[in-house]
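Down below is the structure, laid out as C-alpha cells.
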Amino acid sequence: MKKIKKLLALALTALTISSLNVLTVHAETNTPEENCSTEMLFYDPGLSGYEYVPSRKSFADNVNWRHEASNWVSGTTDNIQRSVSRTVSTSLSSSQSATVNGMIAQANVGFEVSIGASATWSTTTTFSIPYGRYECQYGSKYVYTNGTENYWSIGKLQSSKYVNGNWSYMSFSNKVKL
C-alpha cells in the first residue's frame, strides 16, 4: 500500500511540474505491497498540428488626423464637418490558422483588412465644439497581441516560437480640450 501511495504522489508531482495534460494514469498491482507497475502518458498521442498559447494583449489609439478648433461664443456649440482618413492594417508574424484564430480569440476583435494588407480609408465626420479650444482627432484603434506558437507531431512538441500581431479593428474620433 505504501508503494501505491508513493507512486500516486510521484504521479501528482510530475503532473504539477509538467505543462502538458496527463491523459492516462494507470496503476496495476499484483499485490497491495509489491510488484507495482504504472503507465503514464504526459501528452495526447493524437495531437498533431499548430497550437497558439496567448501571452499578452494591449489596445491603443493611432491618431491619423488632427485639427484644432475653437468656439469663443458662450452658450453655443459649433459643429464642424471635415473629410478625414485613417490607416487600416493587419500584421502577424505567423499565418498558421490555429495561431491566427487564437490571436483573434485572445483579442476578441477581428481584422478590417486581410493579413499583410494596409490601406487608407477616408470618410466625413462631424465634431461638436462647445465653448473653448479643442483638438479634434480621428484614427484607428489597434490591438497588439503576442504568444507562443507550438507545433505538435503525434503528441510530441516539435517546435515552439514567439509570435506577435497587431491590427486595426475600428475607427475612433475624439476631441481633447486644450
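Every number here is computed from the coordinates shown, using simple stated rules; none is lab data. Small disclaimer: the values here were computed from a predicted structure and weren't measured. Because the Cβ atoms are built from the backbone with ideal geometry, glycine has one as well, and the counts that use them run over all protein chains shown.
Converting phi to 3J(HN,Hα) with the Karplus coefficients 6.51, -1.76 and 1.60 and the offset θ = phi - 60°, segment 112-124 yields 8, 9, 5, 4, x, 8, 8, 8, 10, 10, 10, 7, 10 Hz in sequence order, with x at every glycine or proline.
Can you work out the PRE-style zone for residue 98? Point 7 Å along Cα to Cβ, and I want the residues of segment 126-166 with backbone N under 19 Å. 146-165, by backbone N distance to the label point. The residues neighbouring residue 146, those whose beta-carbon lies less than 10 Å from its own, together hold a net charge of +2 under the Lys/Arg +1, Asp/Glu -1 convention.
Computed from label points 7 Å out along Cα-Cβ, the spacing between residue 87 and residue 66 is 1.5 nm.
Can you tell me the FRET efficiency between residue 55 and residue 131 if r is taken as the Cβ-Cβ distance and R0 is 45 Å, rounded to the nearest 0.05? With R0 = 45 Å, the Cβ-Cβ based efficiency is 0.45. Taking each residue as 0.36 nm, the span from residue 124 to residue 177 lengthens on full extension beyond its C-alpha to C-alpha distance by 16.9 nm.
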